[in-house]
Amino acid sequence: MDIPGRYATLTIVMGIAITNLKRTVAALAVIVTFSTSCIAQQADSRDEASLLQQLAQSTPEQAIGLDRQLQALWSQSGSASADLLLERGREALDDGDIEAALDHLTALTDHAPEFAEGWHVRASVFFGIDRFGMAAADLEQALTLNPNNYDAIYGLGLIFEIVGKPEQALEAYSRALAIHPHHEEVTNAVNRLKPQVEGKAL
């Protein structure tokens, strides 16, 4: 999978066997692109609860800015050295240097294990090189630290869909939409799965 400059989103829940992941993951995965400069900028608001509340009630146009603020906020560790490691990891991804990206991001998770975004970004690297077990472990940690990450919840639905559990996938997608009602990839996933799930229920 070509991942330079892009960050794959995935997540996992306990009980899903990674060995059951199908190679069709590459076809199903949607790569979420973030500009490094955009993510590195200071968030307009540091009140995550307020931003999430606004996002849930936003128009599509408002959601764009609120998503940008949340992504920026979640990318700030509070530590200059940790922020630098995250920046270097992302820059290495932009350059297509997966080995360097993993080095920087592993140093980040070692240095700041409480920083959810470090685990999230490293998980996307593992996912992009088909190391699904490593990715799953990292995303489990990321979601423990930041359960409001709608991209990670979208990834949860993606994994359910990959392993052939459309009902659970739709439930996860619906949860993500409750947080971010204008998330394009999640909306597309719901539109794709809802007829399938409802048809099985009849």
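Heavy-atom accessible surface of the stretch 72-161, averaged per residue, reaches 36 Å², computed with a 1.4 Å probe. Under conditions of 10 °C and 1.306 mPa s, the stretch 64-202 yields 100 µm² s⁻¹ as its translational diffusion coefficient, taking Rh as the Kirkwood radius over Cα pairs in the Stokes-Einstein equation. For the stretch 70-191, give the magnitude of the charge dipole about the Cα centre (Cβ charges: +1 Lys/Arg, -1 Asp/Glu; no others), in debye to the nearest 20. In debye, rounded to 20, the stretch 70-191 gives about 340. With both labels modelled 7 Å from their Cα along Cα-to-Cβ, the residue 178 to residue 57 distance reads 1.8 nm. With each label modelled as a point 7 angstrom along the Cα→C-beta vector, the residue 48-residue 110 pair spans 2.6 nm.
A cut-off under 9 angstrom between Cβ atoms defines the neighbours of residue 150, and their net charge, with Lys, Arg +1 and Asp, Glu -1, is -1.
Here residue 165 and residue 97 are evaluated by their C-beta separation; at R0 = 35 Å the FRET efficiency comes out at 0.50.
The values are calculated or read from the model by the stated rules, or taken from the named source; none is laboratory data. Keep in mind it's a predicted model, so treat the numbers as computed, not measured. Neighbour counts are summed over all protein chains in view; Cβ atoms, including those assigned to glycine, are modelled from backbone coordinates with ideal geometry. Calculation scope for accessible area: heavy atoms of the full protein, side chains included, ligands and nucleic acids excluded. Shrake-Rupley method; radii C 1.70, N 1.55, O 1.52, S 1.80 Å.
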